[in-house]
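Some notes on the structure that comes next.
Quick note: the coordinates plus some simple rules give every number you see, no bench work behind them. Note that the structure is a prediction, hence the values are computed from the model and not measured. A quick note on method: Cβ atoms are made from the backbone with ideal geometry, for glycine too, and the neighbour counts reach across all protein chains shown.
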Amino acid sequence: MSEAIPIGRFAPSPSGPLHFGSLVCALASYLDMKRQGGKWLVRMEDIDPPRKVKGASDHILKQLEAHGLLWDDEVLYQSNRLDNYAEIVDDLKKQDFAYNCECSRKRITELNGIYDGHCRPLNLSIQGNGTRLHLKPSQQPIEFTDQIIGHYSQHLDTQVGDFIVRRRDGLFSYQLAVTVDDHFQGITHIMRGSDLLDSTPRQIYLQKILGYSQPQYAHLPVANNELGQKLSKQNLAAGLPYGQEAINLWVALDWLKQSPPNELRQLTIGHILTWAVDHWDQTQVPAKLTLTAPEGF
Ligand code: GLU
Ligand code: ZN
């Protein structure tokens, strides 16, 4: 059998402009694929209308282009995939893997977020209920080897509980959509922020149920501000500074401990990216969950 070509992706949620933390994820996954002669795709995770910011998708794509991070194939918008998710949720229900749940958010919060299976035996069929994935009893822990962090293990039943695949308001969950689309796009390598490390076992569990193959995972340190908070729209992280794309790339490479030479700062983004692909070394990326963002970002 011939080796399939590696396919990676960057999957931003369009809730604001690209900031330093998201640039790092885009850049690292891009370099990882280009180094291996693979493809790098972009997918807009735009299925959460309340969090969606008008114009953010286009803005993010322009910022990627400005940094020379050009994607292969067309951008996939999750908002065009709702029928596919609905079909899969229906299948999961038919196969008894998923069930309707009418518990309030308040009740779930009181359970400390870990669902107790209350609605599992009730066979609710009323419209407007959420849908949870039933974790079949006596689960083994889900284990995998992260390419950066190392061994990771999670007991879904005690640490997560039956989890939401479709919300009461009809929105599909991140866990469902990301798993379905990583498979749909043939993704073999997932490199993203460590804030999603503890989501990975849920995605692996879904892959098992749906008969998908399991991609390789590598979780990067999340960039924190001086207060120790993740750079994000909520924490008012600044968008990347304009007109200094070469510097942004250089600083991101330095932060990822790729040791970019100083002279590189003066060169064009094309030169910087060529150097970075040639010298990409994943083993140098700090195996840390968080790191402080560089000054000025
Ligand atoms: N859309 C998710 C986010 O921006 C990332 C999804 C992923 O990389 O799995 O946090
Ligand atoms: Zn319930």
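When the chain is treated as a GNM, springs tying every alpha-carbon pair under 10 Å, which of GLU74, GLU143, GLU45 comes out with the largest mean-square fluctuation?
Sorting by GNM fluctuation, first place goes to GLU74.
For the chain, what does -39500 (n - 2.57) per DSSP helix run (n ≥ 4), summed and divided by total residues, give at 222 nm, in deg cm²/dmol to the nearest 500?
Value at 222 nm, helices only: -9500 deg cm²/dmol.
What is the dipole size for the chain, taken about its Cα centre, with +1 at each Lys and Arg Cβ and -1 at each Asp and Glu Cβ, in debye to the nearest 20?
Here the chain has a charge dipole of around 660 debye.
So for the stretch 242-297, taking the charge dipole from beta-carbon charges (+1 Lys/Arg, -1 Asp/Glu), which of PRO261, ALA287, HIS271 sits furthest toward the positive end?
ALA287
Can you tell me, using C-alpha contacts under 8 Å and at least 6 residues apart, the relative contact order of the chain as a whole percent?
Reported as a whole number, the value is 21 percent.
So between LYS257 and THR109, what do we pick up on full extension, going 0.36 nm a residue minus the alpha carbon distance?
49.3 nm
Just rank HIS134, HIS19, fewest to most, by other beta-carbon atoms within 10 angstrom.
Fewest-to-most Cβ neighbours within 10 Å comes out as HIS134, HIS19.
Of LEU41, LEU124, LEU231, which has the largest mean-square fluctuation in a 10 Å C-alpha GNM of the chain?
LEU124
Applying 1/(1 + (r/R0)^6) with R0 = 22 Å to the Cβ-Cβ distance of LEU124 and LYS94, what FRET efficiency is obtained, to the nearest 0.05?
Calculated value: 0.90.
Expressed as a whole percent, how much of the Cα-Cα distance distribution for the stretch 216-297 exceeds 19 Å?
Distances greater than 19 Å cover 44 percent of the Cα pairs.
With all pairs of different alpha carbon atoms counted, what Kirkwood hydrodynamic radius in Å does the stretch 35-193 show?
Mean inverse Cα-Cα distance, inverted, gives 18.0 Å.
Kirkwood Rh and Cα-based Rg: tell me the resulting Rg over Rh for the stretch 182-261, rounded to two decimals.
Expressed as Rg/Rh, it is 1.07.
Using the Cα centre of the stretch 192-297 as the reference point, and only Cβ charges (+1 on K/R, -1 on D/E), how large is the resulting charge dipole? Debye, rounded to the nearest 20.
Taking the Cα centre of the stretch 192-297 as origin, the dipole is about 460 debye.
May I ask you to list the chymotrypsin sites (Phe, Trp or Tyr not before Pro) in the stretch 155-264 that are in a DSSP loop and have at most 10 other Cβ atoms within 10 Å of their Cβ?
Filter output for the stretch 155-264: TYR242.
Dipole magnitude of the stretch 125-254 about its Cα centre, charges +1 at Lys/Arg Cβ and -1 at Asp/Glu Cβ only, in debye to the nearest 20?
About 520 debye.
Can you give me the angle between helix 269-279 and the longest principal axis of the chain, using Cα atoms only, in degrees from 0 to 90, rounded to the nearest 10?
Tilt relative to the chain: about 70 degrees.
Using all alpha carbons of the chain, what is the percent of pairwise distances in each 5 Å bin, ordered from the shortest bin to the longest?
That works out to 1, 5, 11, 15, 17, 17, 13, 9, 6, 3, 2, 1, 0, 0, in percent per bin.
Could you work out which residue, out of SER125, SER199, SER232, moves most in a Gaussian network model of the chain, that is, has the largest mean-square fluctuation with Cα springs under 10 Å?
Residue with maximal mean-square fluctuation among SER125, SER199, SER232: SER125.
Taking H as built 1.01 Å from N, whose amide H comes closer than 5 Å to the amide H of GLY193, not counting residues under 5 places away?
Amide H neighbours of GLY193: LEU220.
Over the stretch 150-297, what is the relative contact order in whole percent, taking alpha-carbon pairs under 8 Å and six or more residues apart?
With pairs under 8 Å counted, the relative contact order is 22 percent.
Could you state the angle between the C-alpha long axis of helix 174-184 and the longest principal axis of the C-alpha atoms of the chain, as a value from 0 to 90 degrees rounded to the nearest 10?
On a 0 to 90 degree scale, this one is about 70.
Pairs of Cα atoms under 8 Å, at least six residues apart: use those to get the relative contact order of the stretch 153-221, whole percent.
For the stretch 153-221, the relative contact order is 35 percent.
Nearest 10 degrees is fine. How inclined is helix 200-210 to the longest principal axis of the chain, computing both from alpha carbons?
Tilt of helix 200-210: around 60 degrees.
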